[in-house]
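**Student:** This structure is in structure tokens; I'll ask about it shortly.
The numbers here are math on the coordinates, done by the rules we state, and not lab data. Values in this document were obtained by computation on a predicted structure and should not be read as measured data. Here Cβ is always computed from backbone atoms with ideal geometry, including for glycine, and neighbour counts include all displayed protein chains.
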Amino acid sequence: MSNRDARAGNCVIITPVCPPDCSQRPATNKELHELQLLATKNKVNYIVDFIFCTFASNKQDMQFDLIRELGYKALDSRLKRISDRMSHDVRRFYKEMGIDVEPNWYLVFMLLQKEGEIPITAIAEPLGYTHPSVAVIVKKMADKGYLLVRKDRTDKRQQLVSLSDKALAMLPQLEAVWRSCEKAILKMLNKDLAILHHLDHIDEALEKSSFHNRFKQEYLKSKGK
């Protein structure tokens, strides 16, 4: 990638020369990578301006997305990033609406609305969460006044959980939020639910054999063991 640059201290303005067949196209990952190498080679601390033939000013067009570039190799990181982005935006919306709940509480709300009073273990199993993680969620929700927690009279080791009057009063508002969230997800998927079949396959595969066992076997094979 040829270029001309104008230096000012440790800053640089870089203008790549467009190839003849280039016509209003975004920068490729290869071009972005070459720019990063060029900046490193010239000890540039930051780039003042970066102009491709498209004259794109969109910051996202100039970012190198390693997770996306790695594809299936970074599946866990890709899923976590999507989950984190969605949870962050839901939390932001709750805050704007003055709703004092966490994004991951809605499953507990839904389950208790359906089942009524149940032990903590009965929350962990259908959600696929560990008992300690559910105990943390239940404590936070109880501290906010959304859950009632009491010991089981027949088994003192068990704690029974149910929705409080405060939670029941909020359910209509929460359900409206959840419906809006569901519609947004459906539109984002263009109403194509094929991704759910792939996720089902991953869930089923991990139930049969943990990912720990799977990649350990592949590692041992690579070592000839």
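**Student:** If you stretched the chain out fully between Phe64 and Glu117, how much longer would it get, using 0.36 nm times the residue separation minus the C-alpha to C-alpha distance?
**Tutor:** 14.1 nm
**Student:** Considering only the other residues whose Cβ falls under 12 Å of the Cβ of Val149, what net charge follows from Lys and Arg at +1 and Asp and Glu at -1?
**Tutor:** +1
**Student:** So for the pair Gln159, Ala176, with labels modelled 7 Å out along Cα→Cβ, what separation do we get in nm?
**Tutor:** 3.3
**Student:** Give the peptides 183-196, 78-91, 110-123 in descending order of average Cβ contacts within 10 Å, highest first.
**Tutor:** 110-123, 78-91, 183-196
**Student:** Can you pick out the pairs among Lys140/Lys187; Lys114/Lys139; Lys95/Lys144; Lys139/Lys183; Lys114/Lys208 whose Cα atoms lie more than 22 Å from each other?
**Tutor:** Those over the limit are Lys140/Lys187; Lys139/Lys183; Lys114/Lys208.
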